[in-house]
Structure formats: structure tokens, C-alpha cells
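Right, one structure below, let's go through it.
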Amino acid sequence: MRRVFLVSLASITALATASPVAAESTARDWLERMTRSLASLHYDGLFIHTAGSQSESMRIVHRTVDGRSVERLVSLDGSGREIVRTPEEVHFYLPDRRVVLVEPRSDDGSLLKALPAPGPQLDALYTLATSPGSRLLRRDVQILDIRPRDAYRYGYRMWLDVDTAMPLRSEVLDAEARTVESIQFTKLEIGDAVTAGELEPAVDAAGYQWLRARQRAERRSPQASWMPRRMPPGFRLVATRTQAMPGLPMRTQHLIFSDGFASVSVFIEPAAGKGPVPPESTSVGSANAFSTQVNGQVVTAVGEVPPATVREIATSLAPVAPPATAGGP
């Protein structure tokens, strides 16, 4: 189950009574408040997650313990899937497979994905705006819009609770301002009424197979054996690593690209079978993937970015020639 905070854009003009500078400053303040609230408040909510034509009812429980978030995400549509995140690890409970996946925790944000703090990099790629919104869940709301400056990123629109800056509704919008993914809270409790007991998984994992991923050391981009010839504006290679994949004799290379907000993972593995693999695109809500074959390797780019972005990154990659050996011919 992938992380779900799907927030969105569609730009809005500033209030007629506010100057552009004041409106932009206000938008930055709202963005910072929302990020802090998602990470630090106690909350328990029910929401509907919609991706394309598919919808799923879910529950999120979040508490802060000794300055770090602990949370639980539950599917309410019959699968029984849960994610429980402790300060050190993330546990994925998959009852249909009788498996629990365990991974090291890699960040301090929320499973409801927070946006980055405003700064020069964000300002170079997006514009921010605010406007008043209609009441949701009997709460006054402020609308925060994040509009990309090009077609390589999605836009985001969030309906924030005026008192707490918690997102009560969020959307991801494409370049034509169409909603590709959304979250709508139907119930949200904020405060100390959220108990620690609500963070315990409901799944009885007795007899389940526990699969624990090892922490993999990341290598910075200068050590990558594949590099892009060109990149969408703002994206850069931030980390590389290798990992073993079931059924493959060789380790798979994993490259991570980011613009400081959106990220794209690229997996490079030996091509199976004979003959070239035709390019293939797949989409689920805001998540897109593109696969192609380069030099006998299958290159697959995956991310919550528009289709053009994963295609541009995947087709730009090429193997790096090894450095010449000193004293060689």
C-alpha cells in the first residue's frame, strides 16, 4: 500500500483586497502550518481516497510520541490491509497474503504526505495562492493552491481547516485542471482524545510470514553507473542504490530523482526473454510508470508525476562508461 496524501492544485487568484506580495506570503504561512500540523497533532480521521475510477475508504490515526509521529493507516473496504509506523520502522500488514512487510522508517512526516517548506527551490517550480472556501465538516476552511510552472509536475489544491491548518480535502490536478486523485475526510477528530491504543493493528498476525527489509546504504549521484543525458527542469539525481530482486541473478539498480517535492524512482534490471521489450506506460490515479529497454536492460520509471515526466527520465538514461585505467593501453 503506498503512501496516500494526494493533495492538489488549480490556481486561484488572490483576494481583491490583498496585494500579490501579501497573498503569496499568506500562502507560504498556510503551507508551513499544514506541514507542522500533519506531523505534530494528534488526529483520528475517516476519508475516501479516489484514484481515477477507483475509490477506497480509509482511516488514519496519528499521535506524536517524544517528538516523533506514530501512526496507523487502515483500509476499510474489506481487504484488512494496514500500515503501522513506529518511530523506527514501518509495518505493512497484508492479510490476503498472510504477510507482514517491515521496512526501516526513512522520514518524520505523515502517511498523509506533507508538502515541503517554502523556499527558493519551491518558488522556482511552483506558485502559491490562497482563497476562502466553503465550510467542510462544520469547519471554516481556507483553500491553498500550488500551481506548477511547467507540465512536468502536478498541481495541488487543499482545503485547510482554519483553526488547525489540517487538510480536510485535497486534490491532485493535471495540466488541464482535471482531478486525477483526491482525498475527502468524512470525519476528523483532533486532540488528546486520540488514544495510543488506537495505534495497535487490528490484524492478528499470528502465523504470518514476516519479511524484513535491510537498511540499504545509499550512494550519492556521482557514483551512479547510469546517468541521464537530459532531465525535466528542476529534477536531479539525489541517490542510488542496488537491491536483490526475487528470480533475478543480478542486483537491480535503483535511482531516485527529485525536484525537492515530487520524486521518481527508476529501476534498471536485465531484460528477460528474447528480443526488445516495447515501451509501456501504466497509470493509477496520480502514479505513472514508463518502461523501455536500453542496452539490454529494462528501465522503469515510477512516480506521482505526469506521464511525460517518467517517460522523459526513463528515455534519457544511459550507462556511464567506466573510467580509464591508469597505465592502460
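The values are calculated or read from the model by the stated rules, or taken from the named source; none is laboratory data. In this text the structure is predicted, and so the values were computed from the model without any measurement. With ideal geometry, Cβ positions are generated from the backbone for all residues, glycine too; neighbour counts draw on all protein chains shown.
Miscellaneous remarks
- Of all the numbered requirements in (1) part of a loop (DSSP other than H, G, I, E, B); (2) within 19 Å of the chain's Cα centre (by Cα); (3) of a type in the set (S, T, N, Q), SER79 misses one, and that requirement is (2).
- Within region 216-245, the residues that satisfy the criterion of being modelled with pLDDT under 50 and not charged (D, E, K, R) are ALA217, SER221, PRO222.
- Those residues of region 150-165 which are surrounded by fewer than 24 Cβ atoms within 10 Å (Cβ to Cβ) and among the aliphatic types (A, V, I, L, M), in sequence order: ALA151, VAL162, ALA165
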